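*Asks:* Pasting in a structure now, in structure tokens, and then I'll have a few things to ask.
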């Protein structure tokens, strides 16, 4: 195994040990179609506040536009082993919701920590076809 391959494998292993926070930034999410939201600021805040504990990745449209802005919190490897599954959160259009998501992920995320009760208001279950887009 070359140094480059080994370094890539180690980095991939480190990423798997972390939660992944997928932020939709496609058709409706992250656009003026959802007015009054600092979309760039939301993504910047998530990246800054979760840099040490999670991977934050923006993606194109997740095809759940009626729930814009959508954020999916995927469990870490440890959280997955503990029974955690991806949690889809919609209508995440205010800084308080973003802070609640951040606090939950920082405390372990799906499978390792219970989400704040308020996030029940944002949680939804997309179709199986849509869930496959993030590998659920």
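The values are calculated or read from the model by the stated rules, or taken from the named source; none is laboratory data. Predicted, not measured: the structure shown is a model, and the values here were computed from it. Here the Cβ is made from the backbone with ideal geometry for all residues, glycine too, and neighbour counts use every protein chain on show.
Yes/no matrix, rows are residues, columns are (1) assigned to a loop (DSSP other than H, G, I, E, B); (2) farther than 14 Å from residue 122 by Cβ; (3) touching a residue at least 12 places away in the same chain (Cβ under 8 Å):
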{"residue": "30", "(1), (2), (3)": "yes, yes, yes"}
{"residue": "55", "(1), (2), (3)": "no, yes, yes"}
{"residue": "72", "(1), (2), (3)": "no, no, yes"}
{"residue": "80", "(1), (2), (3)": "no, yes, yes"}
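Each row is one residue, and each column tells you yes or no for (1) in contact (Cβ under 8 Å) with a residue 40 or more places away in the chain; (2) in a loop (DSSP other than H, G, I, E, B); (3) in contact with a strand residue (DSSP E or B) (Cβ under 7 Å, 6 or more places away or on another chain).
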site	(1), (2), (3)
37	yes, yes, no
47	no, no, yes
91	no, yes, no
109	yes, yes, yes
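*Asks:* Which residues, taken from region 64-83, are surrounded by fewer than 16 Cβ atoms within 10 Å (Cβ to Cβ) and either more than 18 Å from residue 53 (Cα to Cα) or touching a helix residue (DSSP H, G or I) at 6+ places or on another chain (Cβ under 7 Å) (or both)? So that I can check it myself, show each step before the final result.
*Replies:* Going through region 64-83, the residues surrounded by fewer than 16 Cβ atoms within 10 Å (Cβ to Cβ) turn out to be 66, 77, 81-83.
Result: 66, 77, 83.
*Asks:* Oh, and also: Being under 14 Å from the mean Cα position of the chain (by Cα) and under 12 Å from residue 76 (Cα atoms) is the filter; apply it to region 1-38 and report the residue that is modelled with the lowest pLDDT.
*Replies:* The selected residue is 15.
*Asks:* Test residue 105 against the stated conditions and say whether it is in a loop (DSSP other than H, G, I, E, B), crowded, with 21+ Cβ neighbours inside 10 Å and either free of Cβ contacts under 8 Å to residues at least 12 places away in the same chain or touching a helix residue (DSSP H, G or I) at 6+ places or on another chain (Cβ under 9 Å) (or both).
*Replies:* no
*Asks:* If you go through region 53-66 one residue at a time, how many are over 11 Å from residue 134 (Cβ atoms) and at pLDDT 95 or above?
*Replies:* 5
*Asks:* Can you tell me which of (1) in a loop (DSSP other than H, G, I, E, B); (2) within 14 Å of the chain's Cα centre (by Cα) is the one residue 113 doesn't meet?
*Replies:* Checking residue 113 against (1) in a loop (DSSP other than H, G, I, E, B); (2) within 14 Å of the chain's Cα centre (by Cα), the one that fails is (2).
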